Amino acid sequence: QTPAGHESTEKPSLLGLTREALADVLRDFGIPDKAVRMRLNQLWHWIYFRGVTDFQAMTNISKDLRAQLADAFSIDKPHIATAQTSQDGTCKWLLDCGPGVQIETVFIPDGDRGTLCISSQVGCTLNCSFCHTGTQKLVRNLTAREIVAQVMIARDELADWPKGSAQDHHRAITNIVFMGMGEPLYNFDNVKDAIEIISDGEGISLSKRRITVSTSGIVPHMEKCGDEIGAMLAVSLHAVRDDIRNELVPINKKYPIQDLIAACRNYPTATNAKRITFEYVMLKDVNDSLQDAKELVQLIKGIPAKVNLIPFNPWDGAPYACSEWDHIEAFADVLLRAGYASPIRTPRGRDIMAACGQLKSASVKERASARRNQQ
Ligand code: SAH
Ligand code: SF4
C-alpha cells in the first residue's frame, strides 16, 4: 500500500511545470512537434482553467491519448490531512507533502474578497523571535507543484473553479499572499515558476497585482524579485532600529535596515500604483512607541508604500505580548497623518491557530495526536 500523499511520486507529475517545461515533457513523450502547442493548450485548459482531477475528463483529447497520458503521468495533488474552519469563516488545510512533511494553507474570506495565504517552505530557517514557524525543525523548499497545488486544493474545497466562461466566474480567491510558512525568496525559482503558472491568463489567471510575496528582507534577492517575478512586495520590517530588529528578525545582522530600505527604494516596480507594503508586528513595549512610529515615517519617506500593522498573535511560550488596541490605533494615526495608509490587520482564525505566525503548532499537535491514535 502506498503511504498517503505518495501516489504522485510514482509517476512524474504534470503539475507545477511552466508552459516551456510542459512542452518539453510532451515532446519527450512523443507528441509530434506540430501538435505540441495544441496539446499543451488543451492540458493547460483542463488542469488550470477547469480544475479537472482526472485525464478521463479531458474530452477533447482522444480516448487513446488520454489513457496513455494517464499511464505515464500524474495530476494528483497532496492529500488534505485535516481541514478546519474558524468561527470567523477562516479555513485552514494541513496538507501531506511526504512522510512527516506537512504544510499549511489558510483561506481568509472578507466580504467579496478572499485571500489565500500559502506556504513556500516547510518550516523556515530564519528563527524570527516572535514567529512560531521559525521554531519548527524540519525545513525544506516546497516544489513549484506543491506551491501551485495549495491554490488548486483551496479552489477544489471552495468550489472556486469557473463553471462557465472566465467572465462569469465570481472568484472566491481574489488574492494570494506568500505569508504562510517559509521565506519565499530562499525558494526563488520554485516561487517564480509557481507565480508564472498561477497568473497565466489561460488558467487560474490571477493577476500578479493580486499576488504578494512577503520577505523578511533578503536584500540580495529583492531586485531580482521585482525584475523576474513582478508580483507585489511586502517587507517584514517590524522595527526601526538595528538593535531591536536584530532581536526580532535575526537576518537583520546580515542585511541591516539601511540596506533593506535602500533595496526598497530601488525596487524595480515600486510606484504609487504598486506600493510596497511594510509589515510591522505590534509587540507591547518592544517596538510600539509613538517615537517608533515617527522614526518609521522618516525611514520610509519617499517610498511609495503602505504600512500593515499586525497585532501580535500569541503562541505557547512566546516571549511577547500584543500591544493594547488603543495603542495600535495611536501608532496608526501617526502614519496616517504622514500620508501612509496604515491598516490594522484584524486577527483571523486565531481559534484554529491559523493567524499570522501561528502556523506550525497545529501540525505538530496534529502529528502528536496521530501518534497517540496509533498507539
Ligand atoms: N517569511 C516571510 C513570509 C512569511 S511570515 C516573512 O517573514 O515576511 C508572514 C508574516 O507574518 C510576516 O510579516 C511575519 O513577520 C508575520 N508574523 C510572524 N509571526 C507572527 C506572529 N506571531 N504574530 C503576528 N505576525 C506574525
Ligand atoms: Fe521565517 Fe517569516 Fe517566520 Fe521569520 S517571520 S521565521 S522569515 S516565516
Seminar exercise, completed: So the angle from the long Cα axis of helix 361-374 to the longest Cα principal axis of the chain, reported in degrees to the nearest 10, equals 50
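Using a Förster distance of 30 angstrom, determine the FRET efficiency expected from the C-beta separation of S129 and A338, and round it to 0.05.
Efficiency, rounded to the nearest 0.05: 0.60.
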Seminar exercise, completed: Quick tally, 1.4 Å probe accessible area for T215, T85, T115, sorted with the most first, runs T85, T115, T215
Seminar exercise, completed: For region 1-126, the percent of accessible surface on carbon and sulfur atoms (probe 1.4 angstrom, ligands and nucleic acids excluded) is 50
For this session: Return the sequence-ordered ³J(HN,Hα) values of region 311-325 in whole Hz as given by the Karplus equation 6.51 cos²θ - 1.76 cosθ + 1.60 applied to θ = phi - 60°, using x for Gly and Pro.
Result: x, 4, 9, x, 9, 4, x, 5, x, 9, 10, 7, 4, 5, 4
Seminar exercise, completed: Here the percent of antiparallel bridges among DSSP beta bridges lying wholly in the chain, to the nearest 5, is 50
For this session: Enter the angle in degrees (range 0 to 90, nearest 10) between the Cα long axis of helix 19-29 and the first principal axis of the Cα atoms of the chain, meaning the one along which they spread out most.
Result: 30
Problem set entry | For Q102, distant residues with modelled amide H under 5 Å away | C97
Exercise. What residue among N190, N287, N41 shows peak mean-square fluctuation when the chain is described by a Gaussian network model with Cα springs under 10 Å?
Worked result: N41
Problem set entry | Dipole magnitude of the chain about its Cα centre (Cβ charges: Lys, Arg +1; Asp, Glu -1), debye to nearest 20 | 260
For this session: Using a 10 angstrom cutoff on alpha carbons, build the Gaussian network for the chain and name the most mobile of V281, V219, V52.
Result: V52
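Helix-only estimate, please: 222 nm mean residue ellipticity of the chain, summing -39500 (n - 2.57) across DSSP H runs of length 4 or more and dividing by its residues, to the nearest 500.
So the calculated ellipticity at 222 nm is -9500 deg cm²/dmol.
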Problem set entry | Cut-off under 5 Å, modelled amide H: who pairs with S236 long-range | T215, S216, G217, E279
Problem set entry | Descending semi-axes in Å of region 234-310, equivalent ellipsoid built from Cα gyration tensor | 20, 14, 10
Exercise. Which one of A166, A35, A83 has the biggest mean-square fluctuation once the chain is modelled by GNM with Cα springs under 10 Å?
Worked result: A35
Exercise. In region 1-121, with Lys and Arg counted as +1 and Asp and Glu as -1 at Cβ, which of these residues, Q102, L65, F55, has the Cα nearest the positive end of the dipole, that is, farthest along it?
Worked result: L65
Exercise. Under a 1.4 Å probe, what is the accessible area of the chain per residue, stated in Å²?
Worked result: 44
Seminar exercise, completed: For F312, the residues 5 or more places away or on another chain with a placed amide H closer than 5 Å to its own amide H are M282, S323
Exercise. Tell me, what is the Rg over Rh of the chain, with Rh the Kirkwood radius over Cα pairs?
Worked result: 0.99
Exercise. If you find the alpha carbon centre of region 220-235 and of region 138-162, how far apart are they in angstrom?
Worked result: 21
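The values are calculated or read from the model by the stated rules, or taken from the named source; none is laboratory data. Nothing here was measured: the structure is a model prediction, and the numbers come from that model. A quick note on method: Cβ atoms are made from the backbone with ideal geometry, for glycine too, and the neighbour counts reach across all protein chains shown. We work out accessible area using only protein heavy atoms, side chains counted, and drop any ligands, DNA or RNA first. Shrake-Rupley method; radii C 1.70, N 1.55, O 1.52, S 1.80 Å.
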